[in-house]
Amino acid sequence: LCVGCPITEATRIYFPFNFDKKHWVGVCLDCSLSKVVVLDCNTSLRTDGMINKEIRPISEMFPFLLRRAARQVFSKNPKALTIERPRIVPQNHTHFDSGFTSILLIQAHAVAGLDLCKCITPDVLDVEAQKTAVIVYEENVGVL
């Protein structure tokens, strides 16, 4: 969601979502396709049914919230967004990596969709973490 843009111009909204204070996933609310995309780096932890049960309230509530905020995007009785968990996302079974991985998946998906998400493998996390640390440092302290 872009800051300063009218909400009617946003087609996708991203946020990280945590399950049981243990596992993070990236969530994309795609208004143009009327679906919720769950970017999950460890699909072995939950079945699709379990994911649907957790995400269903968001998929049912969001169209009403967006209709209230934008007033033109959805019909008077909007339907729940469909929930999708693509299997194309590389898997990482290290619980501690799920938070950072979900942020990288959100970024990749926002830039180029699922094709770029294929590049977020466990072996790139160290380099990406170093890049992120430098960016955060330079934004808050100054250039190294």
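The values are calculated or read from the model by the stated rules, or taken from the named source; none is laboratory data. Everything numeric in this text was worked out from a predicted model, so none of it was measured. All Cβ positions, even for glycine, are placed from backbone atoms using ideal geometry, and neighbour counts span all protein chains on display. Side chains are part of the model used for accessible areas, which takes the heavy atoms of the whole protein and leaves out ligands, DNA and RNA. Shrake-Rupley method; radii C 1.70, N 1.55, O 1.52, S 1.80 Å.
Side notes on the structure shown:
- Estimated FRET transfer efficiency when R0 is 25 angstrom, pair residue 134-residue 91 (beta carbons, to 0.05): 0.35
- Portion, in percent, of the accessible area of the stretch 51-144 that falls on carbon or sulfur, probe 1.4 Å: 57 percent
- Rounded to the nearest 10 Å², the accessible area of residue 139 at probe 1.4 Å: 150 Å²
- Sparsely packed trypsin sites (Lys or Arg not before Pro) within the stretch 84-144, loop by DSSP, other Cβ within 10 Å at most 14: 87, 118
- Helix 48-70 axis versus longest C-alpha principal axis of the chain: approximately 60°, rounded to the nearest ten.
- For the stretch 110-129, the residues whose backbone nitrogen is under 17 Å from a point 7 Å from the Cα of residue 13, taken along Cα to Cβ, are 110.
- Accessible area expressed per residue, the chain, with surrounding protein chains retained (probe 1.4 Å, Å²): 61 Å²
- Measuring with a 1.4 angstrom probe and ignoring ligands and nucleic acids, residue 134 comes out at about 60 Å² accessible.
- Rounded to the nearest 10 Å², the accessible area of residue 126 at probe 1.4 Å: 120 Å²
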